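The numbers here are math on the coordinates, done by the rules we state, and not lab data. Bear in mind that the values here come from a model prediction, so they are computed numbers and not experimental data. Cβ sites come from the backbone with ideal geometry, for glycine too, and all protein chains shown count toward neighbours.
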Amino acid sequence: MADTRARRRYRSQEWFDNPNNPGMTALYLERYQNQAFTRGELQADKPIVGIAQTGSDLVPCNKIHVFLMDRIKAGIRDGGGIPLEFPVHPIQETGKRPTAALDRNLQYLSLVEVLHGYPLDGVVLTTGCDKTTPAMLMGAATVDIPAIALNGGPMLDGWFRGKRAGSGTAIWEGRRLLATGEIDYEEFMQMACASSPSLGHCNTMGTASTMNALAEALGMTLPGAAAIPAPFRERMEMAYLTGRRAVEMVEEDLKPSDILTRAAFENAIKVNTAIGGSTNAPPHLQALARHAGVELHVSDWEKIGHALPLLVNLQPAGEYLGESFFRAGGVPAVMGELHRAGLLDGSVMTASGKSLQETLGSSKSRDEDVIRPVDNPMREEAGFAVLTGNLFDSALMKTSVISADFRARFLKNNRYEGRAIVFEGPEDYHDRVNDPDLAIDDDCILFIRGVGCVGYPGSAEVVNMQPPDALIMDGIKHLPTVGDGRQSGTSESPSILNASPEATVGGGLAYLQTGDRVRLDLNEGTLNALVPDDEWNARKAAWTAPELHHQTPWQELYRKHVGQLADGGCLELATAYQRIAKDLPRD
Ligand code: FES
Ligand code: MG
């Protein structure tokens with residue numbers, strides 16, 4: 001058999017082994033060598049595989065990767081490659097103000113620069129906390145060198161007073177218990193900390209577990225990678241195997257563009273319904289599709305995903321947490337159930353080098369209380385509804401979290417009409433929600449605006465507004481809420497969110513006033529302010545765009561170039577850059 005490796009010239013050799021430019025080659029060699037590589041290693045006709053490190057002291061959700069690094073590197077070495085670890089801009093969901101979402105595109109940009117500008121032939125993307133996963137995949141898709149994702153895994157299950165306390169979900173629940181006086185401040189803090197018992201990302205099916213499940217569903221990880229809890233032995237094995245596989249992917253020249261096809265995105269949307277995935281998945285997947293050059297529209301989420309069933313019984317839509325999901329078989333079990341029901345395209349290529357069908361084999365649920373079969377789901381038709389109307393071109397509603405109580409109270413025949421209460425951002429909401437003058441009752445719909453990509457900036461997770469304390473005391477856990485921001489994937493609130501275009505750029509929400517009647521019709525998929533056209537148009541004509549206060553240079557740059565949530569909240573100019581690895585940077 002011919003030795004293909006002898007004929008193959010790696011991208012990194014343009015740096016380390018380029019006789020046409022001895023001066024530059026010498027410069028690259030001496031400095032990389034001095035950190036403990038031999039010249040032989042750098043010029044050894046071996047692929048150089050980068051490891052994008054997203055974990056650090058600032059990013060506890062991904063810090064497990066600091067400890068997994070030895071295993072990833074060992075895998076790359078044993079596979080015949082040379083590992084080079086590098087940091088990327090940190091994103092910690094629960095640390096970065098004004099919101100981590102502002103930084104997704106910054107981490108994306110930083111990864112694009114590293115992958116394009118350094119001697120790398122392939123990359124292992126460490127993922128975990130919400131935005132780190134899409135940012136890593138988006139960067140790899142833009143550059144299009146062989147890439148494989150490895151997530152850090154969810155935390156162990158949290159427990160508080162004998163009940164599972166899930167990341168985020170425990171906080172929303174605790175806030176309600178605090179409002180009704182069932183727990184005090186100290187107990188609230190204990191409950192919150194109990195929900196976070198080990199290293200790892202959120203153990204609920206929040207945005208982190210969702211995005212990592214979707215990375216696997218897209219084919220960008222090894223099978224089974226998403227659900228292994230962070231502290232488990234299997235997580236370290238997966239780190240090693242992922243490193244090894246990255247080297248093979250370079251040899252096979254298996255790139256994101258071979259994996260991230262329209263069919264793969266359709267599979268991912270279906271998996272998102274089956275797992276009860278986060279409402280943050282659509283903007284992130286839209287962004288990834290655009291950077292990968294795949295046509296995907298926000299309405300596809302309803303067209304492709306709505307009719308599917310919810311199979312996974314995890315908080316916030318269900319009751320269990322990450323450990324149970326792993327033991328029940330994780331993403332391969334969910335995809336196995338969907339595939340056996342003929343709901344997935346099994347022919348798509350995956351990072352393993354095999355088709356999805358081959359990797360799934362006979363995967364099925366190992367615990368039908370946690371991962372249900374398609375013929376006995378948690379809920380039918382559990383995907384997102386994509387709404388339109390005079391308040392926005394599109395907004396999403398996660399129907400899998402609509403409780404029987406909410407449905408009975410607010411959704412008679414899938415319709416509801418109420419009085420709008422409009423808040424200008426979260427500060428205004430906190431200041432006024434308990435104000436008796438607003439007389440908020442169960443005839444009201446709460447609106448929040450100015451919290452989208454441009455407005456906040458970055459789009460804030462604030463749409464799941466809690467009702468006034470007095471209503472919570474009366475047993476009303478949720479009012480209908482609407483906004484141009486997002487909500488945490490760990491919230492079980494059936495908000496109408498990601499409204500695009502946002503109020504700040506003149507979307508319809510900008511013209512709504514407190515006291516307007518508003519009608520939701522889920523049969524039609526509409527939400528409309530019941531304001532006569534001439535009145536509506538007069539408000540529109542009188543509207544002026546708010547002045548934006550930028551606090552950092554990045555906020556200004558971001559606001560200048562960001563698009564809307566329906567289109568992924570991308571830096572619009574960046575979407576023109578595709579598969580750029582082919583265009584080698586100047587020496
Ligand atoms: Fe980081 Fe949930 S806050 S994973
Ligand atoms: Mg969040």
Roughly how big is the chain's charge dipole about its Cα centre, with Cβ charges of +1 (Lys, Arg) and -1 (Asp, Glu), in debye to the nearest 20? 1440 debye
Unit-weight point scatterers at every alpha-carbon of the stretch 460-567, Debye formula, q = 0.17, 0.18 1/Å: log10 I(q)/I(0) is -1.03, -1.11
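Expressed as a fraction of 2.2 N^0.38 Å, the rule-of-thumb size for a compact globular protein of N residues, what is the C-alpha radius of gyration of the stretch 44-166?
Numbers: Rg = 15.5 Å, N = 123, 2.2 N^0.38 = 13.7 Å.
Relative to the rule-of-thumb radius for its length, the stretch 44-166 sits at 1.13.
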Nearest 10, in degrees from 0 to 90: the angle of helix 101-117 to the longest Cα principal axis of the chain is 10 degrees
Picking from Q53, V482, V271, whose Cα lies most toward the positive end of the charge dipole for the chain (charges on Cβ: Lys, Arg +1; Asp, Glu -1)? Q53
How about K63: which lysines have a C-alpha closer than 21 Å to its C-alpha, ignoring those fewer than 8 places off in the same chain? K73, K96, K131
Per-bin percent of Cα-Cα distances, the chain [10 Å]: 4, 18, 28, 26, 15, 7, 3, 1, 0
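Rounded to the nearest 500 deg cm²/dmol, what is the calculated helix-only ellipticity per residue at 222 nm for the chain, with -39500 (n - 2.57) per DSSP H run of length n ≥ 4?
On the way: 23 runs with 217 residues, N = 587.
When only DSSP H runs of four or more count, the value is -10500 deg cm²/dmol.
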If pairing requires two Cys Cβ atoms under 4.7 Å apart, which cysteines of the chain are left without a partner? C193, C202, C444, C453, C570
Could you tell me whether the stretch 95-143 comes out rounded, prolate or oblate from its Cα gyration tensor? Rule is a ≥ b ≥ c as square roots of the eigenvalues, rounded for a/c under 1.5, then prolate if a/b exceeds b/c, otherwise oblate. prolate
Taking R0 as 30 Å, what FRET efficiency do you get between Q33 and H89 from their Cβ-Cβ distance, rounded to the nearest 0.05? 0.65
So if I place +1 on the C-beta of Lys and Arg and -1 on the C-beta of Asp and Glu, and nothing else carries charge, what would the dipole magnitude of the stretch 184-342 be about its Cα centre? I want it in debye, nearest 20. 300 debye
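Gain in length, L548 to A439, computed as 0.36 nm per residue apart minus the alpha-carbon separation, to one decimal in nm? Present the calculation step by step, with values, prior to reporting the outcome.
Values: separation 109, 0.36 × 109 = 39.24 nm, distance 3.11 nm.
Result: 36.1 nm gained on full extension.
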Global size of the stretch 211-309 as Cα Rg and Dmax, reported in angstrom: 14.6, 41
Between D405 and K163, what length in nm is gained on full extension when 0.36 nm per residue of separation is reduced by their alpha carbon distance? 84.9 nm
Burial-style ranking of 406-414, 124-132, average other-beta-carbon count within 10 Å with highest first, yields 124-132, 406-414
Cα-based helix-to-principal-axis angle, 64-78 vs the chain, degrees rounded to 10: 30 degrees
Select from A581, Y416, G166 the residue farthest towards the positive end of the dipole of the chain; place +1 on Cβ of Lys and Arg, -1 on Cβ of Asp and Glu, and compute about the Cα centre. A581
Rounded to a whole number, the Stokes-Einstein D of the stretch 86-238 in µm²/s (Kirkwood radius over Cα pairs; 37 °C; 0.692 mPa s) is 198 µm²/s
For the chain, longest principal axis from Cα atoms; helix 533-542 axis from its Cα atoms; angle between them, nearest 10 degrees, is 60 degrees
Classify the stretch 327-399 as rounded, prolate or oblate, taking a ≥ b ≥ c as the square roots of the eigenvalues of its Cα gyration tensor: rounded when a/c is under 1.5, otherwise prolate if a/b is larger than b/c and oblate if not. oblate
Which entries in K46/K270; K46/K582; K163/K412; K270/K540 show an alpha-carbon gap greater than 31 Å? K46/K270; K163/K412; K270/K540
